[in-house]
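Enquirer: I'd like to ask some things about the structure below.
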Amino acid sequence: MSLWISPQRFAQAIAILMAAGLADAHAADLLVSSTNTSQVLRYDGNTGTFASVFAGGAELDTPVGLAFGPDGNLYVGSLGTGQILRYSGATGAFLNVFTSGGGLSEPSGVTFGPDGALYVSDRTSSQVLRYDGVTGTLTGAFASHPALLDPFGVAFGPDDHLYVSSALTQEILRFDGATGAFVGVFATGGGLNGPAGLVFGPDGDLYVSSLLGNQVLRYDGATGAFIDAFTSDAGLVSPYGLTFGPGGDLYVSSATTGQVRRYSGDTGAFVEIFASGNGLAFPTYLVFTPAAPGPTEIEVAVDVKPGACPNVLALPAHAIPVAILGTASFDVTTVDVATVRLAGVAPRSGFALHDVATPAEPFTGKSKAKDCTAKGRDGFTDLILHFDVRDILSAIGPVTDGTVKVLPLTGNLKAAAGGTAITGEDVVVIKNKRRCDGKK
Ligand SMILES: [Ca+2]
Ligand SMILES: [Ca+2]
């Protein structure tokens, strides 16, 4: 189902939003299964500050695997009751027992597949069970094999195959993502001792928590070849779940010490104890909340005749300069110049990037000739375009000497920056001793 978004694509989307200055500072929270207190705790995804007990009613007993579904809700493996519970992804309110029975006894890892189905590893039966992602109906024991003993983490790879950590055989196994057929042992060695959580990183490599080895190990995402012990600090004890955050760093639960530890996604260097306390006891799996949808439209500052205010359009004139102004949160190089229109008119070819002016606030809602500013450079690069005056005049209709007109600007960001619509405006004053509405 197309609504499903892989963790890698999610991270990429967030990176693009961050680059475009669009990602809200509180776009993502970190949810952690506090297994020994039977709660799912929520921490600020940026600061690690404790936010709330997200889920933790009487229905939840020993939470383990966490996954957001295509419906935006949170699915939690309740080890003690042998169920998958569904909670509102927005509020944490308990919705229902999504599924139970059908051989599900001790759920551990939980993930949604590219097909929208729910996949759950069951430790008792050493199988990965597959459920309809909408109804929760069991559709079968998807993956099982004599080599699979005590499965923990489950993840779909860049190749859309299913990867499962087999804790008792010290291996990561690969199963055909469509049929569940056993493909083979994908990764092992490098000191792997009790593989638990696993995740494919933004770099495409496979990261595995070695629960008894107290390290996160890294394997080539294409070949499974051991690369290195990605983490090497002594503070990580019984690493369980792991996930990459919106900023690209790696977050690992240190179950025995009751912490979520943060590591550089580039080097594996320990950064900080990201979350701890507030009842966090034996944290296992963890997940970031999906980011809120980005804005559908961005307001931008537009400056006709940068450096001048009011913006006098003294006729006859051939072309006027118009700048889209950069700010601390808006990078004008993300604008797709080909899409920009001023009063519906396309700019002349060519553009320049210079810091020429400071925005007048607010960016929109202008009506009077002096709803503008003549302030010059502000340290943020601006995008300068030129528009043909005759085209503008024919677009805005009859004008006379002294006419004040608000010119709307529209366009889009480049596709790589999300393609979001931009909107802005500036006000001009027409000056001419003669009539300039084209009438003789
Ligand atoms: Ca101006
Ligand atoms: Ca500027």
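The values are calculated or read from the model by the stated rules, or taken from the named source; none is laboratory data. Just so it is clear, the structure is predicted and the values come from calculations on it, not from any experiment. We place every Cβ from the backbone using ideal geometry, glycine too, and count neighbours over all the protein chains shown.
Enquirer: If Y285 meets every condition in (1) within 14 Å of ligand 1 (Cβ to nearest atom); (2) crowded, with 20+ Cβ neighbours inside 10 Å; (3) in contact (Cβ under 8 Å) with a residue 60 or more places away in the chain apart from one, which number is that one?
Expert: Condition not satisfied by Y285: (1).
Enquirer: Somewhere in the range 258-278, is a residue under 30 Å from S38 (Cα atoms), modelled with pLDDT under 95 and either in a loop (DSSP other than H, G, I, E, B) or within 16 Å of ligand 1 (Cβ to nearest atom) (or both)?
Expert: Yes: one or more hits.
Enquirer: Check V337, V304, V322 and return the single one that is away from ligand 1 (no atom under 16 Å from the Cβ) and closer than 22 Å to V389 by Cα.
Expert: That would be V337, the only listed residue that is away from ligand 1 (no atom under 16 Å from the Cβ) and closer than 22 Å to V389 by Cα.
Enquirer: Restricted to the range 34-46, and to residues that are farther than 13 Å from Y251 by Cβ and not aliphatic (A, V, I, L, M), which residue is nearest to the chain's Cα centre (by Cα)?
Expert: Among them, the one singled out is R42.
Enquirer: Please indicate, with yes or no, whether at least one residue in the range 269-291 is under 29 Å from the mean Cα position of the chain (by Cα), closer than 28 Å to V428 by Cβ and not acidic (D, E).
Expert: no
Enquirer: Within the range 415-438, is even one residue more than 18 Å from P306 (Cβ to Cβ), crowded, with 16+ Cβ neighbours inside 10 Å and within 16 Å of ligand 2 (Cβ to nearest atom)?
Expert: There is no residue in the range 415-438 that is more than 18 Å from P306 (Cβ to Cβ), crowded, with 16+ Cβ neighbours inside 10 Å and within 16 Å of ligand 2 (Cβ to nearest atom).
Enquirer: Here is a follow-up. Which residue pairs have Cβ atoms closer than 6 Å, lie 6 or more positions apart in sequence or on different chains, and pair a first residue in the range 300-319 that is touching a residue at least 12 places away in the same chain (Cβ under 8 Å) and at positive phi with a second residue that is part of a strand (DSSP E or B) and within 9 Å of ligand 1 (Cβ to nearest atom)?
Expert: So the pair list comes out as K305/N311.
Enquirer: List the residue pairs whose Cβ atoms are under 6 Å apart, where the first residue sits in the range 129-142 and is at positive phi and among the acidic types (D, E), the second is crowded, with 19+ Cβ neighbours inside 10 Å and in a loop (DSSP other than H, G, I, E, B), and the two are 6 or more positions apart or on different chains.
Expert: Hits for this filter: zero, empty list.
Enquirer: Within 13 Å of ligand 1 (Cβ to nearest atom), more than 14 Å from V406 (Cβ to Cβ) and in contact with a strand residue (DSSP E or B) (Cβ under 6 Å, 6 or more places away or on another chain): which single residue out of A357, A369 fits that description?
Expert: Answer to the selection: A357.
Enquirer: When you go through (1) in contact with a strand residue (DSSP E or B) (Cβ under 6 Å, 6 or more places away or on another chain); (2) away from ligand 2 (no atom under 16 Å from the Cβ); (3) within 18 Å of I422 (Cα to Cα) one by one for P362, which number turns out not to apply?
Expert: Against the list (1) in contact with a strand residue (DSSP E or B) (Cβ under 6 Å, 6 or more places away or on another chain); (2) away from ligand 2 (no atom under 16 Å from the Cβ); (3) within 18 Å of I422 (Cα to Cα), P362 comes up short only on (1).
Enquirer: OK, next. If you check T381, T410, T423, T403, which single one turns out to be modelled with pLDDT of 90 or more, touching a Gly at 6+ places or on another chain (Cβ under 6 Å), more than 16 Å from ligand 1 (Cβ to nearest atom) and of a type in the set (S, T, N, Q)?
Expert: Unique residue meeting the criteria: T381.
Enquirer: In the range 312-349, which residue that is within 13 Å of ligand 2 (Cβ to nearest atom) and assigned to a strand (DSSP E or B) is surrounded by the fewest Cβ atoms within 10 Å (Cβ to Cβ)?
Expert: The selected residue is T327.
Enquirer: Between residues in the range 366-395 that are small (G, A, S) and part of a helix (DSSP H, G or I) and residues that are at pLDDT 95 or above and within 14 Å of ligand 1 (Cβ to nearest atom), which pairs lie under 9 Å by C-beta distance while being six or more apart or on different chains?
Expert: Here the result reads A395/L342; A395/L407, each pair linking the range 366-395 to a residue that is at pLDDT 95 or above and within 14 Å of ligand 1 (Cβ to nearest atom).
Enquirer: Have a look at L168, L149, L206 and point out the one that is touching a residue at least 12 places away in the same chain (Cβ under 8 Å) and buried (at least 19 other Cβ atoms within 10 Å of the Cβ).
Expert: One residue alone meets the criteria, L206.
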